[in-house]
Amino acid sequence: MRYLTFALGKGRLAQKTMALFEQIGIKCEEMKDPSSRKLIFTNEELKLKFFLAKGPDVPTYVEYGAADIGIVGKDTILEEQRKLYEVLDLGYGKCRMCVCGPASAKELLKHQEQIRVATKYPNIAKDYFYNKKHQTVEIIKLNGSIELAPIVGLSEVIVDIVETGSTLRENGLQVLEEVCPLSARVVVNQVSMKMENERITKILNDLKSVLP
Ligand code: PRP
């Protein structure tokens, strides 16, 4: 039996995912050590490997078959546009992709004005403004602290993730439009889905049975 390999996005999502796997009898004790800098972990008994990657790289590993299965946010799946199967919504990591800005920017969105949009998610922003709203905008790619952009005058609005809304509130911004809901998803390599169908289907069914 060959190893089935899982790519997990580093951080909070990985912790939650391992807790969920424990519930279906898949354990990886090594991974729990918070001081460890190890990136790949093996469960010899079940012939499974887990590795930790940067979230946006998870779909890349899965598309190329370096991982059979990935656990990643819907935001990353939409942004990366990789060839893979999205097979299960795990329901945690719930948040929303939104257009945000100061209240004064509401009018700019209504009147289809040519505005600047700062975001870590240029593909999601383009799809929303060009294909759904048919509004021509200038997209500016940033790498984090997106909320700064409208405050310092880089852009009129942002497209970003809103979870509790406290980052927006504490910076005098608000949700202006909702783009889509987000949560953690399971993605599968297209070849693995055929070649390892039985093992993968069993894991997916076990996961489904413990989801709330
Ligand atoms: C994310 C997101 C928002 C914030 C939303 O940023 O980009 O800034 O969390 O959460 P809230 O609604 O609960 O305040 P993250 O912490 O990932 O850091 P980043 O600035 O590097 O994107």
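Quote the relative contact order of the chain in percent (integer), defining contacts as alpha-carbon pairs under 8 Å separated by 6+ residues.
Numbers: 384 pairs, mean separation 57.8, N = 212.
Normalised by residue count, the contact order of the chain is 27 percent.
Over the chain, DSSP H runs of length four or greater, each weighted -39,500 (n - 2.57), average out per residue to a 222 nm ellipticity of -8000 deg cm²/dmol. For the chain, the spread of Cα coordinates along the three principal axes comes to 59, 36, 30 Å, biggest extent given first. Short to long, the 10 Å bins of the Cα pair-distance histogram for the stretch 99-212 hold 13, 37, 20, 17, 13, 1 percent of all pairs. Once the Cβ-Cβ distance between Ser36 and Met193 is put in as r, and R0 is 30 Å, what FRET efficiency do you end up with, to the nearest 0.05? Efficiency, rounded to the nearest 0.05: 0.45. Annotation: peptides 3-9, 78-84, 37-43, ranked by per-residue average of other Cβ atoms within 10 Å with the highest first, follow the order 3-9, 78-84, 37-43. Once the Cα atoms of helix 12-23 and of the chain are each reduced to a long axis, what angle between those two axes, in degrees from 0 to 90 to the nearest 10, is obtained? Here the helix axis deviates by roughly 30 degrees.
The C-alpha atoms of the chain define a longest principal axis, and helix 197-210 lies at about 70 degrees to it.
Within the assembled protein chains, the solvent-accessible surface assigned to Tyr85 is about 80 Å², based on a 1.4 Å probe. Electrostatic tally near Val191: other residues with Cβ closer than 13 Å to its Cβ, Lys and Arg +1, Asp and Glu -1, net 0.
Here are some pairs, Lys16/Lys133; Lys27/Lys194; Lys49/Lys126; Lys94/Lys133; Lys38/Lys132; Lys10/Lys133; which of them have Cα atoms lying more than 32 Å apart in this structure?
Over 32 Å apart, Cα to Cα: Lys16/Lys133; Lys49/Lys126; Lys38/Lys132; Lys10/Lys133.
The values are calculated or read from the model by the stated rules, or taken from the named source; none is laboratory data. In this text, all values refer to a predicted model and were calculated from it rather than measured experimentally. Ideal geometry is used to build each Cβ from the backbone, glycine not excepted, and the neighbour counts take in all protein chains shown. We work out accessible area using only protein heavy atoms, side chains counted, and drop any ligands, DNA or RNA first. Shrake-Rupley method; radii C 1.70, N 1.55, O 1.52, S 1.80 Å.
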